[in-house]
Structures are given as structure tokens and as C-alpha cells.
Ligand code: FES
């Protein structure tokens, strides 16, 4: 089943982009969140989205493109319903991240930085997410799935593909890529801080350090 994605830079989207531009003394400082808003509307960065950014910020389309192509979080093909990231940096790689990536790639029929065979997912090998405490980690629409195995990672994708409700191991419910992009751009929907940001395992080193300071 292919999931239909809504697209188009509407006047409402343009108003959000104008709101972002007005938050900064120099409006062009708003370009990064504006590009997230473009992705929230279009599931990718399109030429229409680039033109809208350029018009609102009164800069050239070439300047917008130069920024958008520099950062890997911006995509120039439709991402689909969910973005899947698998960390393969040192800690995750040592603890099984490479095996997780291989199984997930096989399940999706995707290669690095590309769509799944059905177009509903986007797969990306990602670098360290500062979540090494729970390595190996996978992200779904940038929400963490901690301590994954090849089997549990594929299980998450199977559940998403079946339309089941899926929750990050840190609390937030998985929505979809476009909804996450809206949170990243506007940071005003009161969801940016949903879920746990720290747990006992993450604080273990700090506790040890505090203990040794007290002795
Ligand atoms: S190496 Fe994977 S989160 Fe740090």
C-alpha cells in the first residue's frame, strides 16, 4: 500500500515562514527552520519551496539552494511517510549497528539516503546522535528507538508499515516525517519536549563522578 503524501506551499505555510523570518533581527537567519517547514509541507525541498524561501527572505534561489544542499537533513526527493535512521558510528557499530542497518535495508529494499521499494520509507545511515548510552540506536522521524537489535528494528518497521501505533522508547508517539518536520521548524506545537530526555543509564557516569568527588 502506498501512503498518499500532501504537498504544496499554501498561504498558511507561507505565513508560517514569514512568522519565522520575523523572529530574527536578520531574517535570513530563519532559513534553516523555514526549510524544515518546506519539508513539513512538501515531504522534500522542492524548487517551489526554495523559491518561497528566497522570496520571503529577499535572497537569491541560489543562496537558498547552497544552504539546503549543505545539510543532510534536507532531502530533494519525497521521503515518504517515515524517515528511518540507523547509527553506524563507533559505539553503535561496535554494539551491532551495522547488522541493524543491513537488516533494515534488506527489509525496506532501500540503500543509504534513498527511498524504500514502496516509497513509504526513507533510509539513512546516520552519524552519532549523542545517544551512545543506548547503542545501537535507530531513529524513526528523528525519535529514538534505543538498544535495538536487527529483529526489534525490523519489528518497528513492520508495525509502522501495518499502520499500527508505535512509540519511541523515550516516550513520544511516532507521528510521521512531515509532522516531525513541522515541530523542527516551528518548535511551537508544545511537542518538542515530549517524552524522557534523560534516564538512570544516561546519568550513571555523572553519579560515579559525583560519588568520587564526595570521597
Ligand atoms: S555512536 Fe550511535 S549514538 Fe553515538
Quiz prompt | Which numbered condition residue 41 fails, given (1) touching a strand residue (DSSP E or B) at 6+ places or on another chain (Cβ under 9 Å); (2) in contact (Cβ under 8 Å) with a residue 60 or more places away in the chain; (3) part of a helix (DSSP H, G or I) | solution = (1)
Quiz item: Would region 119-132 turn up any residue that is over 17 Å from the mean Cα position of the chain (by Cα), assigned to a helix (DSSP H, G or I) and within 16 Å of the ligand (Cβ to nearest atom)?
Solution: yes
Quiz item: In region 167-190, what count of residues is obtained for those that are in contact (Cβ under 8 Å) with a residue 40 or more places away in the chain and part of a loop (DSSP other than H, G, I, E, B)?
Solution: 3
Exercise. Could you list all residues from region 133-165 that are under 18 Å from residue 93 (Cβ atoms) and within 16 Å of the chain's Cα centre (by Cα)?
Key: 137, 138, 139, 144, 145, 146
Quiz item: In this structure, does residue 33 turn out to be closer than 30 Å to residue 166 by Cβ and not assigned by TED's automatic domain parsing to the domain that holds residue 126?
Solution: yes
Self-check item: Hey, residue 151 surrounded by fewer than 18 Cβ atoms within 10 Å (Cβ to Cβ) and not assigned by TED's automatic domain parsing to the domain that holds residue 45 or not
Solution: yes
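Would you check if there is a residue in region 108-116 being within 16 Å of the ligand (Cβ to nearest atom), modelled with pLDDT of 95 or more and more than 23 Å from residue 191 (Cβ to Cβ)?
Scanning region 108-116, I find at least one residue that is within 16 Å of the ligand (Cβ to nearest atom), modelled with pLDDT of 95 or more and more than 23 Å from residue 191 (Cβ to Cβ), so the answer is yes.
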Quiz item: From the list 28, 18, 14, 23, which one is at pLDDT 95 or above, away from the ligand (no atom under 16 Å from the Cβ), over 20 Å from the mean Cα position of the chain (by Cα) and part of a loop (DSSP other than H, G, I, E, B)?
Solution: 23
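Which count do you get for residues in region 197-215 that are part of a loop (DSSP other than H, G, I, E, B) and either farther than 15 Å from residue 139 by Cα or modelled with pLDDT of 85 or more (or both)? Working first, answer last.
Filtering region 197-215 down to residues part of a loop (DSSP other than H, G, I, E, B) leaves 197-199, 215.
Now drop any that are not either farther than 15 Å from residue 139 by Cα or modelled with pLDDT of 85 or more (or both), which leaves 198-199, 215.
So the answer is 3.
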Quiz item: Of (1) modelled with pLDDT of 95 or more; (2) within 30 Å of residue 159 (Cβ to Cβ); (3) over 20 Å from the mean Cα position of the chain (by Cα), residue 39 satisfies all except one. Which?
Solution: (3)
Quiz item: Hey, among the residues in region 74-99 that are part of a loop (DSSP other than H, G, I, E, B) and within 16 Å of the ligand (Cβ to nearest atom), which one's farthest from residue 115 (Cα to Cα)?
Solution: 95
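The values are calculated or read from the model by the stated rules, or taken from the named source; none is laboratory data. Remember, predicted model here, so these are calculated numbers, not experimental data. Backbone-built Cβ (ideal geometry, glycine too); neighbour counts: all protein chains shown.
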